[in-house]
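Report on the following structure.
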Amino acid sequence: MPGVRGRYNQRMATSSKPALVPVSFSELIDQLRGDSSLTAEVAHTAFLPATEVAWGELDPPLAAPLPEVLAASGAGRLWSHQAEGLAASRGGRDVLITTPTASGKSLVFQLPVLEAALAGKTGKALFMFPLKALGQDQRAKLERLAHACGLTQEGPFCAIYDGDTPRGDRQRIRKNPPRVLITNPDMLHLGLMGSLAAWAPFLRDLRWVVLDELHTYRGIFGTHFHHLLRRFLRACEREGSRPQLIASSATAANAGEFAATLTRRDFHWIQDSGAPREGRHLLLLQPIASPYTATLRLFAHLLRAGLKTIVFAKARRITELLYSWLRRQEPRLAERVACYRSGFLPEERREIERRMFEGELDGVISTSALEMGIDVGGLDACVLVGFPGSMMATWQRSGRVGRSGRESLTALVAMPDALDQYFLAHPEQFLERPCEQLVVDPDNELVSRGHLLCAAAEIPLRRDADHDYLEKYAPLIGDLLRDRQLLEAADGGELMAAARRPQRQVNLRGTGETYSIQHAVHGRTVGTVDAGRVLHECHPGAVYLHAGRQYLIRDLDLAGHKVHAEPVRLDYFTTPMTEKETEILELLDERKEGSLHYRLGRLKVTERVVGYERKRIGSLDVLGRHEIELPPSHFETVGLWFTAPRVVEEAIRQEEEHFMGSLHAAEHATISLFPLLALCDRNDIGGISFPLHPQVEAGAVFVYDGHPGGIGIAARVYEELPQLLGRVLRLLTSCECEIGCPSCVQSPKCGNGN
């Protein structure tokens, strides 16, 4: 068995604790088992053996000098899935590839463009990445390949066109687009689609559209992206082109169906990987006390062992807390560690990415922002702070390590919530469970409305050419005409948008306006936060964390979209307390199975942030609760609910249990197991319980999509709700507690303090 790195970095040798130099990962795991200072028990270990390589052959083979260039870059021969993808692309098929992380998927969309350029053929390509960092990474790789092929003599082969591109460079790119244009959905929406006339020559010559990390276009973001892509391909069609789609995605149970729903195209789907993979060690850890303490000590242990390590936390606040604790407890180790998350300024993110790639950092603490394929150099170990919410994300994050022909280690530090404890009790489910289904709802009415206006502003909707738009969205179009947001031509042949740039009113991320967080003294921008988070994280009195530094929020200017924050040093952080109300607007479906009566419908949710808790850093003890007054937020969504009629209430009271407490516990347990059926983040769903809901006229538990209009998650789970509640029952009966605990019903995100 190959050993881990035998020596630790000399810059770390001055740490106060001795460095550990294990011979192998097996020895390292034995050390962890016997280390009482770790404050965690190794509950389960597994070894996933290496997989052999499967080569592929192309007929005809790659044109010179591509084979030599690939060999010089370390790629060598093509693996079977790469050859299959390139062959399908040569045949004009739309291609979807869902092989694991680090399996060379990017060559499947790079090689067709390079081949065409070497053959002297025309044809532009648009490479779309959901994150700017992915675009930066891919541009550097593609430019190196193009340069080695002699394709950059007349200028850059590719260029990035996004929000960070200087204005002068944008003008130059529009006038003379490169062979490959790299962008992201937000820039496509606001930049390209808002200036179609300037991009007409590029669209006319567009041959390929690459959609990397396709699985990220789920939920509300995916709904927006479905409409954005539809608008874009419509514009291409008007210019006479029908570009080929090449998409890559993490493994998912229904990736082919999802891709077809998202893009309205049928794909040649490649699932089997020919890439070799080294063995992987997997650890499930049960913390004895705080999972964050256990994570920090494990992180420090791995760093001292000389392992380049990435820690994935599920929330921005947790990445900041872990980093700040590391700086306090292990200052020398922290010198070569960074935290990374959204909300950082572009220059901060680029600097961290550079330091990771060039080996200046030994560790990084990140949110899902580094889950995707940014090349951050050779990593050896991955620590998951809690189950990431899906097996897809688990394997994708695990796939970030062990890229250099070495074995790797992935450790899951379990949180005290129901889903993590479920997997600790059933490790076979964790190891053998298939990846979840991807969910997107293209029919969200609020999203469709905004994109209809964008489509009509970009190219008027024509009665003779846009039958699919006019038939599918006839009721919406009628509403928009009545509201004078759409205008009809005198002859009735065209529909145009009244607003000139409606794109500015449509936020693809579905969370409203962005707020800038400004230094209260000198006004410098510290970071950004979206409207969906601002009331929860940046209310007056909140402690905002940025790059390990604490800021106390002094003022929230909702009208001006500004937050004023003062740098502080405190021994506590804050969490919001909320109250919610739910109104049933429309019943969509109802079912009965035995004594279970459950329904699906449209809901109106009203939420108020009514206060916040101060919690001590480290122990998480509650130091105090404070009331605040903020305006309520309202949105309409889709949700399910099941009822607890009078007979259930009487049975619970006869057992001398609390009826409302029981419903609240059932709500938490149900939400905690939602990811078993549908791929979702905990922030994608919400819930509320009532001992007597006035419309239901009984006790009820509601679970709903946490985005306006709904995103398809509640509707997906509704189809299998009895099976999900069966798992909830097994979770509750197998938990050893008597009155409910974090392992079964208590939630760290509860706005009512459980």
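The values are calculated or read from the model by the stated rules, or taken from the named source; none is laboratory data. This one's a predicted model, so the numbers in the text were calculated from it and none came from an experiment. Neighbour counts are summed over all protein chains in view; Cβ atoms, including those assigned to glycine, are modelled from backbone coordinates with ideal geometry. Only protein heavy atoms, including side chains, enter the accessible area calculation; ligands, DNA and RNA are left aside. Shrake-Rupley method; radii C 1.70, N 1.55, O 1.52, S 1.80 Å.
Brief remarks on what is shown
- Cβ charges +1 (Lys, Arg) and -1 (Asp, Glu), total dipole of segment 668-733, debye: 220 debye
- Rounded D (µm²/s) - segment 276-326, Kirkwood Rh over Cα pairs, Stokes-Einstein at 10 °C, 1.306 mPa s: 127 µm²/s
- Rg/Rh (Cα only; Kirkwood hydrodynamic radius) as it applies to the chain: 0.96
- Radius ratio Rg over Rh of segment 652-754, counting only Cα atoms, Kirkwood formula for Rh: 0.95
- Charge sum, other residues only, whose C-beta stays under 9 Å from MET577's C-beta, Lys/Arg counted +1 and Asp/Glu -1: -2
- Most positive-pole-ward Cα, VAL180, SER249, GLN437, against dipole of the chain from beta carbon charges: VAL180
- Just so you know, the Rg over Rh for segment 534-607 is 1.27, from Cα atoms, with Rh as the Kirkwood radius.
- Net charge of Cβ neighbours under 14 Å - reference GLY34; Lys, Arg +1; Asp, Glu -1: -2
- Segment 340-354-segment 512-576 distance, computed between alpha-carbon centres (Å): 18 Å
- Think of the chain as a dipole: +1 on every Lys or Arg Cβ, -1 on every Asp or Glu Cβ, centred on the Cα centre; then among THR367, VAL648, GLY135, GLY135 lies furthest on the positive end.
- Probe 1.4 Å - accessible area at GLU607, Å² to nearest ten: 40 Å²
- Euclidean distance of C-alpha centroids, segment 588-648 and segment 52-103, integer Å: 50 Å
- The modelled label-to-label distance between VAL647 and ALA75, using points 7 Å beyond Cα along the C-beta direction, is 6.6 nm.
- Here the calculated FRET efficiency for LEU58 and ALA119, from their Cβ-Cβ distance with R0 = 22 Å, stands at 0.95, rounded to the nearest 0.05.
- Note on segment 431-499 and segment 185-222: Cα centroid distance 17 Å, given to the nearest whole angstrom.
- Solvent exposure of segment 239-319, expressed per residue, is 32 Å² of accessible area, with all protein chains present and a 1.4 angstrom probe.
- In the assembled protein chains, PHE47 presents an accessible area of approximately 90 Å² (probe radius 1.4 Å).
- The dipole here belongs to segment 207-262: it is taken about the Cα centre, uses +1 on the Cβ of Lys and Arg and -1 on the Cβ of Asp and Glu, and is about 240 debye.
- Largest-first principal axis extents of the Cα set of segment 43-145 (Å): 58, 34, 29
- Rounded to 5, percent antiparallel among DSSP beta bridges of the chain: 60 percent
- Placing a pseudo-label 7 Å from each Cα along the Cα-to-Cβ vector at GLU428 and ALA198 gives an inter-label distance of 6.1 nm.
- Extension gain from SER516 to ALA50, taking 0.36 nm per residue of separation minus the Cα-Cα distance: 163.1 nm
- Taking a Cβ cut-off of under 14 Å around GLU649, the surrounding Lys, Arg, Asp and Glu residues balance to a net charge of -3, with basic ones at +1 and acidic ones at -1.
- For segment 604-651, accessible area per residue (1.4 Å probe, heavy atoms of protein chains only), Å²: 54 Å²
- Between LYS562 and ARG509, the modelled label-to-label distance comes to 2.1 nm, taking each label 7 Å out from Cα in the direction of the beta carbon.
- P(r) tail, segment 302-452: Cα-Cα pairs separated by more than 28 Å, 28% of all pairs.
- Extension gain, ASP35 back to ASP555 (0.36 nm per residue minus Cα-Cα distance, nm): 182.6 nm
- Positive-end residue, segment 483-637 charge dipole about Cα centroid, Cβ charges, pick of GLY492, TYR572, LEU596: TYR572
- Using 0.36 nm per residue and subtracting the Cα-Cα separation, the extra length available between GLN485 and THR733 on full extension is 83.7 nm.
- By accessible area, using a 1.4 Å probe on protein heavy atoms only, segment 477-527 has 44% of its surface on carbon and sulfur.
- Approximate shape of segment 576-657 as ellipsoid semi-axes (Cα gyration tensor, √5λ), whole Å, largest first: 33, 22, 11
- Using the Cβ-Cβ distance between MET660 and SER342 with R0 set to 25 Å, the FRET efficiency from 1/(1 + (r/R0)^6) comes to roughly 0.10.
- Computed over segment 129-207, Kirkwood Rh from alpha-carbon pairs, angstrom: 13.1 Å
- Taken about its Cα centre, the chain carries a charge dipole of about 2560 debye when Lys and Arg each add +1 at the Cβ and Asp and Glu each add -1 at the Cβ.
- Residues whose placed amide H lies under 5 Å from that of GLY710, excluding near-sequence neighbours: VAL638
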